[in-house]
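Participant: Take a look at this one; I'll ask things after.
What follows draws every value from the coordinates through simple rules; no lab data is involved. Predicted model, so just to flag it, every value in this text is computed and none were measured. Because the Cβ atoms are built from the backbone with ideal geometry, glycine has one as well, and the counts that use them run over all protein chains shown.
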Amino acid sequence: MAFRGICFLVSLMVIAVIGYFVGQQLEGGAVKEQRATMSSGFGQYEEKIYQGKTYYKKTNVTTLLLMGIDRDITETTVKSYRNGGQADFLVLLVIDHDAGTIRQLQIERDTMAKVDVLTILGKPGGTRVMQICLSHGYGADQTACCENAVYSVSRYLDGLDIDLYMAVDYSAVDVINSLLGGVTVTLKEDFSALDPAMTAGTTLKLQGHQAELYVRSRMSVGDGTNASRQLRQREWMDGASDLLKARVREDSGFLQSLLNALGDGLTTNAAQGRLVNEFNQAWQYPISPVEQIRGTYAVGADGFVEYHTEKDDVTRWVLETFYRPAEETGKESEQG
């Protein structure tokens, strides 16, 4: 069972390093009132009330925030307190052990949210509304940067507790691709300006630095849109997942080798034993399609893209995912 747990972990790594998935948009609903207390019934569940209806927080749920960083995170100390690198993608995994399910929320990197900032000297600089990806930029080292990003995501999601985080940089793409022996893709766009061997129409087993070029390049490839890049990332992920399963069947020790190869390229607050325990329970759970809080894009005064969401839609997703109506909780207690 242990190697299956590690298999699940590495599968999450594969999800993390290709980022930017297009999620299913949730239909919105108005949330007019909310407050949190501790209920005296049903085993002291945390309580939220809105529109006159009571909800109790689920138990036995683990949250894991996956982050992809646009700099070399093997450097444990950043060059300044404001140079930790952007979290170019953020995916929150919600592992519900009671329901036996895993949900995924993609938080658009340009989502406008409250971020705690630091001065150049590392002193608290207050809170500003900015792209949430910038939250990782503030901190004395990678751990502090990750913690600041986690706090920004938690605050954006109505103060939701985030248990675990894992951050990797883009170098992980080439590491995984190399250990898998190279993922084979058919190039629908021309990458020859970046690598002469990567011409449109070519079926190619990606080698060396080609994997990162394939999943990361945007402006110099095709129509230059993120939508096209996301399709490439999904193709690479599918190929990597198939190869991973095949390698594990051949050698159960392969997964540990892959984790070792990532080495300092991975920053996490979780001990390996905790991860293995979580994943030993969850490796068979179905993973739902990636979701996204619906919102609108705009160009800010500084010329950068902004993604604006409504607080009601955020709260609705949190309630759907982490809470159940009080009447359902009561029925479960009676049945139990």
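Participant: Is region 203-332 rounded, prolate or oblate when judged by the Cα gyration tensor, a ≥ b ≥ c being the square roots of its eigenvalues, rounded requiring a/c under 1.5 and prolate requiring a/b larger than b/c?
Facilitator: Cα axes put region 203-332 in the oblate bin.
Participant: Calculate, in nm to one decimal, what A298 and E328 gain on full extension: separation in residues at 0.36 nm each, minus their alpha carbon distance.
Facilitator: Stretched fully, the A298-E328 segment lengthens by 6.8 nm.
Participant: By average Cβ neighbour count within 10 Å, what is the ranking of 120-129, 189-198, 318-327 from highest down?
Facilitator: 318-327, 189-198, 120-129
Participant: Can you pull the three principal axis extents for the Cα set of region 141-188, in Å, largest first?
Facilitator: 42, 27, 17
Participant: Using 7 Å Cα-to-Cβ label points, what is the T59/S228 separation (nm, one decimal)?
Facilitator: Result: 5.3 nm between the two label points.
Participant: Distance between the C-alpha centers of region 247-318 and region 106-140? Whole Å please.
Facilitator: 20
Participant: Need one number for region 144-221: average projected area of the convex hull over its C-alpha atoms, nm². Could the numbers behind the result be given before it?
Facilitator: Numbers: hull surface 28.6 nm².
Mean projected area of the Cα convex hull: 7.1 nm².
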